[in-house]
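**Student:** First the structure, which I've put down as structure tokens, then a few questions once you've had a look.
The values are calculated or read from the model by the stated rules, or taken from the named source; none is laboratory data. What you see is a predicted model; the values in this text were computed from it and never measured. As a convention, Cβ positions derive from the backbone with ideal geometry for all residues, glycine included, and neighbour counts pool all protein chains shown. Note: accessible area is taken over every heavy atom of the protein model, side chains too, but ligands, DNA and RNA are not part of it. Shrake-Rupley method; radii C 1.70, N 1.55, O 1.52, S 1.80 Å.
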Amino acid sequence: MGEKEIEKILTAEVKRAGGRAYKWQSPGNDGVPDRIVILPGKAPVFVELKSDTGRLSRLQRVQIGRLEQMGQTVFVARGIQGVIQFLKDMGCAAAGEVLEQRYILTTRERKDGI
């Protein structure tokens, strides 16, 4: 699954949980995380999305380090499992479980040719 699809899933699931996943583009600051996620009653979290095999670039590691040095939380979500874990870590276990079931079902359908 590609990063764009993973990003769409994250955005939709955060919205279902009552939050927002704002796209972060910072001119002159390449390498910043993809999204700033804000959930009700929680501090904002920066989220970098990667495919299952995606790697952080050197610049992304630098930007993440800068944010963390300022006390900010940055989560790197690798693949759909990373999004599920992020949702669970943020207290959205129900959303994570629903997504997990949906993803497992889709994977089985593909394998079984349904």
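**Student:** Can you spot a residue in segment 16-26 that is in contact (Cβ under 8 Å) with a residue 60 or more places away in the chain, open to solvent by 50 Å² or more (accessible area, probe 1.4 Å) and over 10 Å from the mean Cα position of the chain (by Cα)?
**Tutor:** Residues of segment 16-26 that are in contact (Cβ under 8 Å) with a residue 60 or more places away in the chain, as a first pass: 16-17.
Cutting the leftovers down to open to solvent by 50 Å² or more (accessible area, probe 1.4 Å) gives us 16.
From the residues that got through so far, the ones that are over 10 Å from the mean Cα position of the chain (by Cα) too are 16.
Within segment 16-26 (the criterion being in contact (Cβ under 8 Å) with a residue 60 or more places away in the chain, open to solvent by 50 Å² or more (accessible area, probe 1.4 Å) and over 10 Å from the mean Cα position of the chain (by Cα)), the answer is yes, since at least one residue qualifies.
**Student:** Just need a number here: residues in segment 76-96 that are open to solvent by less than 30 Å² (accessible area, probe 1.4 Å) and either at pLDDT 95 or above or part of a strand (DSSP E or B) (or both). Full working, then the answer.
**Tutor:** First pass over segment 76-96, keeping only residues open to solvent by less than 30 Å² (accessible area, probe 1.4 Å): 77, 79-80, 82-84, 86-87, 90, 92, 95-96.
From what's left, either at pLDDT 95 or above or part of a strand (DSSP E or B) (or both): 77.
The qualifying residues number 1.
**Student:** Can you tell me how many residues within segment 31-54 are in contact with a Ser or Thr (Cβ under 9 Å, 6 or more places away or on another chain) and open to solvent by 50 Å² or more (accessible area, probe 1.4 Å)?
**Tutor:** 2
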